[in-house]
1. Is it fair to say I8 is within 25 Å of R144 (Cα to Cα), among the aliphatic types (A, V, I, L, M) and either loosely packed, with under 12 Cβ neighbours inside 10 Å or at pLDDT 95 or above (or both)?
2. Tell me yes or no: at least one residue of the stretch 206-220 is part of a strand (DSSP E or B) and either surrounded by fewer than 19 Cβ atoms within 10 Å (Cβ to Cβ) or modelled with pLDDT under 95 (or both).
3. Give the residues of the stretch 166-204 that are under 24 Å from A123 (Cβ atoms) and of a type in the set (F, W, Y), sorted by residue number.
4. Just name the residue that is farthest from the chain's Cα centre (by Cα) out of those in the stretch 404-418 that are among the small types (G, A, S) and under 23 Å from P196 (Cβ atoms).
5. Can you confirm whether F417 is buried (at least 21 other Cβ atoms within 10 Å of the Cβ) and part of a helix (DSSP H, G or I)?
6. Across the stretch 152-205, what is the total count of residues that are part of a strand (DSSP E or B), in contact with a helix residue (DSSP H, G or I) (Cβ under 7 Å, 6 or more places away or on another chain) and of a type in the set (V, I, T)?
7. Does any residue in the stretch 150-179 that is in contact (Cβ under 8 Å) with a residue 24 or more places away in the chain come within less than 7 Å, Cβ to Cβ, of a residue that is of a type in the set (K, R) six or more places away or on a different chain, and which pairs are these?
8. Confirm whether E183 is within 30 Å of L389 (Cβ to Cβ) and surrounded by fewer than 17 Cβ atoms within 10 Å (Cβ to Cβ).
Amino acid sequence: MSKTTQGITVKKSENISEWYVQVLQKAELIEYTDVSGCIIYRPRLYAMWEEIKKWFDEEIKKLGVENAYFPLFIPKRLLEKEAEHVQGFAPEVAWVMRGGRSELKEEIAVRPTSETVIYDAYAKWIQSHRDLPIKINQWVNVVRWEFKHPTPLIRGREFLWQEGHTAFATKKEAEEEVQIILELYRRVFEELLAVPVIKGIKAPSEKFAGADYSTSVETLTPSGKAVQAATSHHLGQNFAKAFEIEYQDESGKKANPYQNSWGISTRSLGAMILYHSDDKGLVVPPRVAPLHAVVIPITFDKNKNKVLREAKKITKTLEEEGVKVLLDDRDHYTPGWKFNEWELKGACIRIELGPKDLEKEQAIAVRRDTGKKTPVKLNELSKKIPKMLDKMQKDLLSSAKEWLDSQSVEAKSWTEFQKAAKEKKLIWAQFCTKDACASSIHEESGAKSLNLPYSAKKPKGNCIKCKNKSKAVGIFAKSY
């Protein structure tokens, strides 16, 4: 048995960090490289990212967003134009200081995010109110030179994402878009990845560097650590003023546009894998799965050809229904070995077909998440398998929501808060939202301010830590 097809050797409940890495490697999703924090996205993993790209790209194009591409390299002078922005990103920026054997006259940053290079272009493109709104997105890689221990997909030095950059004549238009995009991100997580998230606004200490305010979708993973799933920022006029983006409004006066930036990354796939996968290997929601079904014929010499003919027929019928299906007719592996391999690799449904099944004019369909075996008549497979996939998608989200609810607690005292933090819970608590208090909470408990949920009740009483008047209900957790 090869390295990539050996089973998972640790339990998720006992060592989730090692379990997670084994799932990624043995399900053939990633490969490590010689540069720490930089991984290879193997085809099966990249196929999942393509499903997110396809769905989200279609949705933002309905809003009038167009795709473009801006350079990977950003001159230092551009990165330093917005003071708060450069200060926020300075520790993570990778710099190019030499080209070939020649020292560069100016240091060049490797894209940590693209506000600066894009807004330098916007200053040239936006001259009149007729040039607004401008709505551009790009699908790219970014580099953030993290010095923390890298975790594949969750926290790395290079990752993939999309970043949208829009500009409007009015604040109202811009703020409306912030919420529209945030809702699209919620839908990516809940409708595609079957991962429950909480929408909210970031506390001032956690907002994007240079923004007026930031919004996010957050979740707690089964590792007991939270993941900032995606963000949608309202930049106000801060970058417009720094980059001298000015236009002539309808009255002939000079004005600065209101801007937004927003992004979701491949971190989303890490959260999905942490949520759904199990001790047998990978579990993937059907809407992003690279493989929906695998047909495994169980043959003996005297009936081999008959079983294989029917297996090929099943495969073709399912393909015609839009099911991503594979016929595994390799004859040098046993059916049992194949069952284990495809459980490890996360095929959503396994379809078993043997001579006894042919006699009954049926196949056995086995769901990856539950392991439930269901006899299905051969002439009903084309209808039943898509329905089973839909049910699996809904069940995964329902199960994930139940888990998140079970791990969410309301802390009414600092003692309760600290206890919940030690237990790696998602903590709801009254919060003054001040930077100093957020830092104190993090230092003393290890729990970080995630966001101030829109779904929370109105603040009541005093802050969980400093005892000053509460301004919001916040959610907190240990995080990656």
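The values are calculated or read from the model by the stated rules, or taken from the named source; none is laboratory data. Worth saying up front: this structure is predicted, and the values here are computed from it rather than measured. When we count neighbours, we look across all protein chains shown, and the Cβ atoms used for this are built from the backbone with ideal geometry, even at glycine.
1. no
2. Scanning the stretch 206-220, I find at least one residue that is part of a strand (DSSP E or B) and either surrounded by fewer than 19 Cβ atoms within 10 Å (Cβ to Cβ) or modelled with pLDDT under 95 (or both), so the answer is yes.
3. Within the stretch 166-204, F168 is the sole residue that qualifies.
4. Taking the stretch 404-418 first, the residues among the small types (G, A, S) are 406, 408, 411, 413.
Next, only the ones that are under 23 Å from P196 (Cβ atoms) stay: 406, 408, 411.
Details: S406: 22, S408: 21, A411: 28 Å.
Restricting to residues being among the small types (G, A, S) and under 23 Å from P196 (Cβ atoms), the top hit is A411.
5. So F417 passes the test.
6. Matching residues across the stretch 152-205 total 1.
7. Every condition considered, the pairs that remain are P150/R157; L153/R267; I154/R267; R155/K148; R157/R144; F159/R267; T166/K135.
8. Considered against the rule, which asks whether it is within 30 Å of L389 (Cβ to Cβ) and surrounded by fewer than 17 Cβ atoms within 10 Å (Cβ to Cβ), E183 comes out as yes.
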